[in-house]
Amino acid sequence: MRWADVYLAGTGAYLPERRESARRAVATGRYDAAESTANGIRAVRVAGPAEPPPVMAVAAVRQALDRAGRRTADGPTLVIHASLGHQGVDFWTPAHYIRRETIGGDGPTFEIRHSSNGGMAAIETAAAYLTAMPSVTAAVVTAADAFALPYVDRWRSENQQVYGDGAGALVLTREPGLARLVATATVTDSGLEPIYRGAAEWAAAPMPGGGPVDLRGRKREYLLLSPERYDEAIEQTQAGLRTALDNALADAEITVDGVDLFVHPVIGETVVAYTYGERLGIPASATLYDWGRDIGHLGAADQFVQLHHLLVNGLVRAGRHVVAIGSGAGFGWTVAVWEILPTAPR
């Protein structure tokens, strides 16, 4: 989809001050040494008890509104919050808390649960809302996650990524700002859904086994039934990602070579090298992956935090293109093409 008059007015990010190194996790027996070498993640950010995801999201929103020059809404503003994991309270709506603590008002307020692709899906949803609903003047889009025991073991719950804590926020408007949203594309392959469900029985309540979540076990149940299923799943995920990227670039009327910087999930280095380097032809030097290796995989917030980092630090000149790539269990992929405007950085 090619968009008209959808702009990025402000960005914000919140990363907890506490850092935990992979080297220390290995030394204390919490992280496998061979996996650490393969994954290449150097450190993660770790939230404290006073930093649940919605609280981090509020801090990111306030920063984004500051940069956008919008401390309060001039008209009805859409709020969308995306997440992957537990948000601090059960049977509760974090998106309404985020609105209450930032802009207030009575505009539409939603939550998106689309695994690690949630933030990117929220961008496309917000763009569609701004285009279809003239009464809505802006959109505040947030993504935040924190991963802690007993719910998630950030070092062991999954074998090709390490989870870090943090939040990001974007303010989208119809008025020119830091960047223009040129195009987006989303592709879904629900045939891959069982990979993260596994073979377990349905449960009446969360964590029936007492935790932590065993994502590697679920994948093993699905993928190791036969070598063919493993190979087919890899090809399906690559095809979905490739299609989303090709569609977004085609609508933006550019090619991979015309993109100055890519932001993508901060997952294991071997997966990144194969998925984004070998298969998509994206050089590591055209990404923020090395920077992200000191933060970890932030669930739904990877792309938001990276966009904030590149804009604040002026890493891309005006007139250049940035492509944000999302990938999440389910499986779904969303790609967004941004054109940096002369007002950046701010």
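Summary table below
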| quantity | calculated |
| --- | --- |
| Of the criteria (1) assigned to a helix (DSSP H, G or I); (2) among the charged types (D, E, K, R); (3) over 17 Å from the mean Cα position of the chain (by Cα), which one Glu339 fails | (1) |
| Every residue from the range 259-286 that is within 25 Å of Ala183 (Cα to Cα) and touching a Gly at 6+ places or on another chain (Cβ under 9 Å) | Val263, His264, Pro265, Val266, Val272, Pro283, Ala284 |
| Matching option when the condition is under 18 Å from Gly12 (Cβ atoms) and among the aliphatic types (A, V, I, L, M), among Ala324, Ala318, Ala284, Ala273 | Ala324 |
| Tally of residues being in a helix (DSSP H, G or I) and either open to solvent by 10 Å² or more (accessible area, probe 1.4 Å) or of a type in the set (Lys, Arg) (or both) across the range 94-133 | 12 |
| Every pair of residues 6+ apart whose Cβ atoms lie under 8 Å, when the first sits in the range 20-32 and is over 17 Å from Gly292 (Cβ atoms) while the second is exposed (fewer than 14 other Cβ atoms within 10 Å of the Cβ) | Val26/Ala33 |
| In the range 326-342, residue surrounded by the fewest Cβ atoms within 10 Å (Cβ to Cβ) [restricted to those that are of a type outside the set (Gly, Ala, Ser) and under 18 Å from Leu310 (Cβ atoms)] | Pro342 |
| Number of positions in the range 153-173 that are under 24 Å from Ile123 (Cα atoms) and buried (at least 24 other Cβ atoms within 10 Å of the Cβ) | 10 |
| Among the residues listed as Gly69, Gly104, the single one being modelled with pLDDT under 95 and within 17 Å of Gly12 (Cα to Cα) | Gly69 |
| Within the range 234-258, tally of residues that are open to solvent by less than 40 Å² (accessible area, probe 1.4 Å), over 28 Å from Asp153 (Cα atoms) and of a type in the set (S, T, N, Q) | 0 |
| Matching entry among Asp189, Asp231 (being open to solvent by 10 Å² or more (accessible area, probe 1.4 Å), over 30 Å from Pro150 (Cα atoms) and at pLDDT below 95) | Asp231 |
| Within the range 31-68, tally of residues that are part of a loop (DSSP other than H, G, I, E, B) and under 16 Å from Asn159 (Cβ atoms) | 4 |
| Count of residues meeting criterion [among the aromatic types (Phe, Trp, Tyr) and either in contact (Cβ under 8 Å) with a residue 24 or more places away in the chain or in contact with a strand residue (DSSP E or B) (Cβ under 6 Å, 6 or more places away or on another chain) (or both)] in the range 72-114 | 2 |
| Members of the range 269-288 found to be farther than 19 Å from Gln238 by Cα and within 16 Å of the chain's Cα centre (by Cα), listed by number | Leu288 |
| Conditions (1) more than 12 Å from the chain's Cα centre (by Cα); (2) more than 18 Å from Arg67 (Cα to Cα); (3) surrounded by fewer than 22 Cβ atoms within 10 Å (Cβ to Cβ): number failed by Arg180 | (2) |
| First in the range 184-197 and on the phi > 0 side of the Ramachandran plot, second anywhere and at pLDDT 90 or above and of a type in the set (Phe, Trp, Tyr), Cβ under 6 Å, 6 or more apart | none |
| Residue match in the range 289-309 (condition: free of Cβ contacts under 8 Å to residues at least 24 places away in the same chain and out of contact with any Lys or Arg (no Cβ under 6 Å at 6 or more places or on another chain)) | yes |
| Residue in the range 176-194 that is under 26 Å from Ile41 (Cα atoms), in a loop (DSSP other than H, G, I, E, B) and in contact with a helix residue (DSSP H, G or I) (Cβ under 8 Å, 6 or more places away or on another chain) present | no |
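Okay, residues lined up against (1) within 29 Å of Asp90 (Cβ to Cβ); (2) open to solvent by 20 Å² or more (accessible area, probe 1.4 Å); (3) modelled with pLDDT of 95 or more:
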residue	(1), (2), (3)
Arg2	no, yes, yes
Gly10	no, no, yes
Pro16	yes, no, yes
Arg23	no, yes, yes
Val26	no, yes, yes
Gly29	no, yes, yes
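The values are calculated or read from the model by the stated rules, or taken from the named source; none is laboratory data. Keep in mind that what you see is a predicted model, and the values were worked out from it rather than measured. Here the Cβ is made from the backbone with ideal geometry for all residues, glycine too, and neighbour counts use every protein chain on show. Each accessible area value is taken on the protein alone, full model and side chains, heavy atoms only, with ligands, DNA and RNA left out. Shrake-Rupley method; radii C 1.70, N 1.55, O 1.52, S 1.80 Å.
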